[in-house]
Amino acid sequence: MTPEQLRAFCLSFNASVEEFPFNPDTSVFKVLGKVFAITRLDAEPLTVSLKCDPDEAVRLRADHPEIVPGYHLNKRHWNTVTVGPLPVRQVRELIEDSYDLVVAGLPKAERLRLDRA
C-alpha cells in the first residue's frame, strides 16, 4: 500500500477528514472529531497507528512482528502497523476496524447522522 492509497482509503469512509493538529507532516484521520488513524505519509517505512479492541490488539501483536503497541498512544487500545510487510487487504481491514470502533463509541445521534449521510 502506498502513502497515496493509505490516505485515499482513510478518506473513503463516511464523514472522515484529514487534519494536521500536531505538525504539517502528521496526518490525523478523524470521523466526527474522533481519531481513527494517525500516520506520517512521508515516513520510511510507512506506518499507521490504529485503534483496536484490546484483546485483538494483543493477538495481532503476537501473530505479526510488524504490529506493535501504539507509538505515543494508549497501548491497550492502539497498535502501530508497519504497512509494507502486511498484505494490502489486511491493512485495509485493520483501518476499517479502527473506523468502526470509533464510530461505535460515538453518541447515538451522531451514529444515526452518519447512517443518513
Query - Qualifying residue in the stretch 103-115 (condition: acidic (D, E), touching a strand residue (DSSP E or B) at 6+ places or on another chain (Cβ under 6 Å) and surrounded by 13 or more Cβ atoms within 10 Å (Cβ to Cβ)) - result: no
Requested in this report: Could you tell me whether any residue of the stretch 57-69 is of a type outside the set (K, R) and under 24 Å from E110 (Cβ atoms)?
Outcome: no
Requested in this report: Enumerate the pairs (first residue in the stretch 87-102 and touching a residue at least 40 places away in the same chain (Cβ under 8 Å); second residue anywhere and assigned to a helix (DSSP H, G or I) and not aromatic (F, W, Y)) with beta-carbon separation below 7 Å, excluding pairs fewer than 6 apart on the same chain, so at least 6 apart or on different chains.
Outcome: I95/C10
Report task. Return a yes/no flag: does the stretch 65-86 have any residue that is touching a residue at least 12 places away in the same chain (Cβ under 8 Å), within 20 Å of S12 (Cα to Cα) and within 10 Å of the chain's Cα centre (by Cα). Result -> yes
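Residue under question is E96, and the condition is that it be among the acidic types (D, E), modelled with pLDDT of 95 or more, part of a helix (DSSP H, G or I) and under 20 Å from E4 (Cα atoms); does it hold?
Yes; evaluated as a whole, the condition is true for this residue.
Anything in the stretch 2-40 that is hydrophobic (A, V, I, L, M, F, W, C) and over 12 Å from L50 (Cα atoms)? List them, or say none.
L6, A8, F9, L11, F13, A15, V17, F20, F22, V31, L32
The values are calculated or read from the model by the stated rules, or taken from the named source; none is laboratory data. Remember, predicted model here, so these are calculated numbers, not experimental data. FYI the Cβ positions are ideal-geometry reconstructions off the backbone, even for glycines, and counts take in every protein chain you see.
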